[in-house]
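Enquirer: One structure coming up, written as structure tokens, with questions to follow.
The values are calculated or read from the model by the stated rules, or taken from the named source; none is laboratory data. Worth saying up front: this structure is predicted, and the values here are computed from it rather than measured. Positions of Cβ are backbone-derived with ideal geometry, glycine not excepted, and every protein chain shown enters the neighbour counts.
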């Protein structure tokens, strides 16, 4: 797909322009300079044909010197991959020495360049844009990213500069599943994204909290398409340093809910922490498919001094299962994002989960399994009444993703007669027969009376 990169110094409104072109709030917009550190992609559909737009971190990010080099490198990679570049400047600040330096850099890219003079909110502000004509760019637009002014003109200029869109093939391609990489700070989520992409799209640093935005990027593994959602590290609410970080964590939690499958990344060198358990709880509450990744296995191997590495691996996996017993349906993949070891195995597991999500339990066999389980262990009596199962069948929710959890509907005498503990017992018997790895089992009960429907988690 055609690609447009947005570059410029910090705090000129690149992320606001990105959100405007994307048609939704993806990048975090904040007065604090240097908020965006990674390249973030989205599809712009404002013109005659869609194209991808890529937001980048501010070049010359003095407020965030720890990330200045990696942010600059990310911007260069974005420009190399782009078909056109939007060089954004701030009409209120006027021309700055850093703007002039960046202008020289983008000229060397040999890509079509559009000078975007931002924060021209009214016609009366147009005069602010005149001084930027000294840069000598052939194409320039005055816009207000915050208010949408001038965006239509900008789209017209871009469509004239971008190559013709590729014709879509007649083969309908399934929507790629969204895989959210979640976890506490500094467990290696961005390193894992880079290992999957074999790219340096996400900024990697030992400083906790490096990723602030939720980054959606398409990846192709073994010929299959996926959308990776790299998220900010979720730490305890009381440990958020800035309002920007609070917004980042809120978006990470939202990403857990919108993803088709969550990949919970855990640091093998520290094991499961209290915060890991809280994040796993968010996945459980959202009733989402999940795979657990035990990352940094290379450090465990180097420091163990043991020859029985397979037994060591099994010990660590067992510890994870014990600590996250409430997420017992999630398989564990042990890997090293740094070395790339077993990254391929992660996608083998994702495909296994995806395959089982398509399975359907035969209605006859399903009823036999549940009735046998109830005969073996009868449900408890409540108030001289006993729960009775009339019928059970597997259903599919409308609009469900390709990795939707299996949903079973139970027609019963009274849903209120069934305690949660017995419901978990029935779920376990279903899993004994059909496995459903990585997938929570959803049960919904319907009583004899019309409208008496009770969802059970």
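Enquirer: Of everything in the range 268-283, what is part of a helix (DSSP H, G or I) and crowded, with 20+ Cβ neighbours inside 10 Å? Give them in sequence order.
Expert: Within the range 268-283, the first condition is being part of a helix (DSSP H, G or I), and the residues that meet it are 274-283.
276, 279, 280, 283 - these are the residues of the range 268-283 that are part of a helix (DSSP H, G or I) and crowded, with 20+ Cβ neighbours inside 10 Å.
Enquirer: Now for a separate question. Only one of (1) in the same structural domain as residue 287 (by TED's automatic domain parsing); (2) in contact (Cβ under 8 Å) with a residue 60 or more places away in the chain; (3) crowded, with 16+ Cβ neighbours inside 10 Å is not met by residue 370, so which one is it?
Expert: All conditions pass for residue 370, except number (1).
Enquirer: While we're on this one: Which one of these is part of a helix (DSSP H, G or I), modelled with pLDDT of 90 or more and crowded, with 16+ Cβ neighbours inside 10 Å: 333, 320?
Expert: The unique qualifying residue is 320.
Enquirer: Could you tell me whether the range 339-352 includes any residue that is touching a strand residue (DSSP E or B) at 6+ places or on another chain (Cβ under 6 Å), farther than 15 Å from residue 438 by Cα, modelled with pLDDT of 90 or more and assigned to a helix (DSSP H, G or I)? Reasoning before the result, please.
Expert: Just the residues of the range 339-352 that are touching a strand residue (DSSP E or B) at 6+ places or on another chain (Cβ under 6 Å), to begin with: 345-347, 349.
Adding the requirement that they be farther than 15 Å from residue 438 by Cα leaves none.
No: the range 339-352 contains no residue that is touching a strand residue (DSSP E or B) at 6+ places or on another chain (Cβ under 6 Å), farther than 15 Å from residue 438 by Cα, modelled with pLDDT of 90 or more and assigned to a helix (DSSP H, G or I).
Yes/no per residue for (1) without any contact (Cβ under 8 Å) to a residue 12 or more places away in the chain; (2) under 22 Å from the mean Cα position of the chain (by Cα); (3) not assigned by TED's automatic domain parsing to the domain that holds residue 435:
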| site | (1), (2), (3) |
| --- | --- |
| 275 | no, yes, yes |
| 300 | no, no, yes |
| 310 | yes, no, yes |
| 316 | no, no, yes |
| 325 | yes, no, yes |
| 329 | no, yes, yes |
| 333 | no, yes, yes |
| 344 | no, yes, yes |
| 352 | no, yes, yes |
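Enquirer: Since residue 254 meets every condition but one in (1) modelled with pLDDT under 85; (2) surrounded by fewer than 17 Cβ atoms within 10 Å (Cβ to Cβ); (3) in contact with a helix residue (DSSP H, G or I) (Cβ under 6 Å, 6 or more places away or on another chain), which condition does it not meet?
Expert: So residue 254 meets the others, but not (3).
Enquirer: Residues being modelled with pLDDT under 90, farther than 18 Å from residue 383 by Cβ and in contact with a helix residue (DSSP H, G or I) (Cβ under 7 Å, 6 or more places away or on another chain): count how many of those fall in the range 409-456.
Expert: Total meeting the criteria: 1.
Enquirer: Is it the case, given these coordinates, that residue 448 is part of a loop (DSSP other than H, G, I, E, B) and either in the same structural domain as residue 280 (by TED's automatic domain parsing) or over 14 Å from residue 359 (Cα atoms) (or both)? Explain how you work it out, then say what you get.
Expert: Details: part of a loop (DSSP other than H, G, I, E, B): yes; either in the same structural domain as residue 280 (by TED's automatic domain parsing) or over 14 Å from residue 359 (Cα atoms) (or both): yes.
Yes: the conditions hold for residue 448.
Enquirer: Kindly list the number of the only condition in (1) touching a strand residue (DSSP E or B) at 6+ places or on another chain (Cβ under 8 Å); (2) part of a helix (DSSP H, G or I) that fails for residue 326.
Expert: Among (1) touching a strand residue (DSSP E or B) at 6+ places or on another chain (Cβ under 8 Å); (2) part of a helix (DSSP H, G or I), the lone unmet condition for residue 326 is (1).
Enquirer: Quick one: in the range 287-311, which of the residues that are touching a helix residue (DSSP H, G or I) at 6+ places or on another chain (Cβ under 7 Å) and surrounded by fewer than 16 Cβ atoms within 10 Å (Cβ to Cβ) is modelled with the highest pLDDT?
Expert: 309
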